[in-house]
Amino acid sequence: MSWDWDYTFDILPELLSHFVQYTLVATLLGIAVAAVLGLAFAVVRQLRIPVLSQLTTAFIEFIRSTPLLIQLFFLFYALPGMGVTLAPMTAGVIGLGVHYACYCADVYRAGIQAVPKGQWEATVALQLPPHITWRRVILPQAVRNVLPSLGNYAIAMFKETPFLALITVPELLRTARTIGGDTYEYLEPLTLAGLIFLAASYPTALLLRRLERRLQPAG
């Protein structure tokens, strides 16, 4: 089988369009959900609020112990039986965001615990209210320390967006397979899909490594 360049240039705009419109958007929205929700989980667990802390821990363990694909299927196929119907893209973003929030929570917790004890003692000595302590002292230091790890999870989420094809989101891989099915030529669309993923994820990984080196303490 030879490579058809005319066919390649014909299908490339459609692949790039679906990549931006679905794959990239789902990743960015999923990252936003994971970052915010993961931080909330970490703070709740750190505050050790009775019952709420235990429920949060149980939820995190449940999500981390079940496959992402099952969670996506539940959101899209099972919830309508309970009277809740989500659009494919909405279900995908929620599924990705919640799944990775449960991993980001541990990253945040490690960052919070890495804040020097003297910082906590200083906030007590200054009688800072809890919301000021967290917002102005603890979280800025914790988040700065964990940015590279959060970035790694973002890349992992990006590479798992093809799962969204199974809940009918027309993301990059689904589009490549559809084009291949229509033309009976799979080589070019699937190869292009892989190259687009590579072109997006590899430079991001390099930037994260550079960021990690810059954030490492001197010496």
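So the values come out like this:
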read-out	value
Selection from Tyr184, Leu150, Thr123, by position along the positive dipole direction of the stretch 104-219 (Cβ)	Thr123
The chain, relative contact order in percent, only Cα pairs under 8 angstrom and at least six apart counted	30 percent
Charge dipole (debye, nearest 20) of the stretch 139-193; +1 at Cβ of Lys and Arg, -1 at Cβ of Asp and Glu	320 debye
Relative packing of 106-112, 92-98, 59-65, 45-51, which averages over residues the other C-beta atoms within 10 Å, highest first	92-98, 106-112, 59-65, 45-51
Three-way shape call for the stretch 124-219 based on the alpha-carbon gyration tensor, with the a/c threshold at 1.5	oblate
Relative contact order of the stretch 113-219, pairs being alpha-carbon contacts under 8 Å that are 6 or more residues apart, as %	24 percent
Under the Karplus curve 6.51 cos²θ - 1.76 cosθ + 1.60, θ = phi - 60°, whole-Hz ³J(HN,Hα) for the stretch 81-91, x wherever Gly or Pro sits	x, 9, x, 10, 10, 10, 5, x, 5, 5, 4
Debye-sum result for the stretch 29-133 in log10 I(q)/I(0), which assumes one identical scatterer on each alpha carbon, at q = 0.12, 0.17, 0.20, 0.23 Å⁻¹	-0.51, -0.85, -1.04, -1.22
Stretchable slack from Val84 to Lys159, in nm (0.36 nm times residue separation minus alpha-carbon distance)	24.2 nm
Gained length - Arg144 relative to Trp5, 0.36 nm times residue gap less alpha-carbon distance	45.5 nm
Neighbour-limited loop hits for GluC sites (Glu not before Pro), the stretch 136-219 (at most 10 other Cβ within 10 Å; DSSP other than H, G, I, E, B)	none
Neighbour cut-off at most 11 other Cβ (10 Å), DSSP loop, chymotrypsin sites (Phe, Trp or Tyr not before Pro), the stretch 1-47	Trp3
Alpha carbon convex hull of the chain, volume per residue in cubic angstrom	157 Å³
Cα→Cβ-extended label distance, 7 Å offset, between Leu68 and Tyr202, nm	2.1 nm
Carbon + sulfur, % of accessible area of the stretch 1-78 - ligands and nucleic acids excluded, 1.4 Å	73 percent
Alpha-carbon centroids, the stretch 60-74 and the stretch 168-219: separation in whole Å	23 Å
Electrostatic dipole magnitude of the chain [Cβ: Lys, Arg +1; Asp, Glu -1; Cα centre; debye, to 20]	1440 debye
Pair His131, Arg177: separation of 7 Å Cα→Cβ label points (nm)	4.8 nm
Accessible-area composition of the stretch 133-219, carbon plus sulfur, in percent [1.4 Å probe]	58 percent
Per residue value of the accessible surface for the chain (all protein chains in place, 1.4 Å probe), Å²	57 Å²
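The values are calculated or read from the model by the stated rules, or taken from the named source; none is laboratory data. The structure displayed is predicted, hence computed values, not measured ones. Note that each Cβ is placed from the backbone with ideal geometry, even for glycine, and that neighbours are counted across all protein chains shown. Side chains are part of the model used for accessible areas, which takes the heavy atoms of the whole protein and leaves out ligands, DNA and RNA. Shrake-Rupley method; radii C 1.70, N 1.55, O 1.52, S 1.80 Å.
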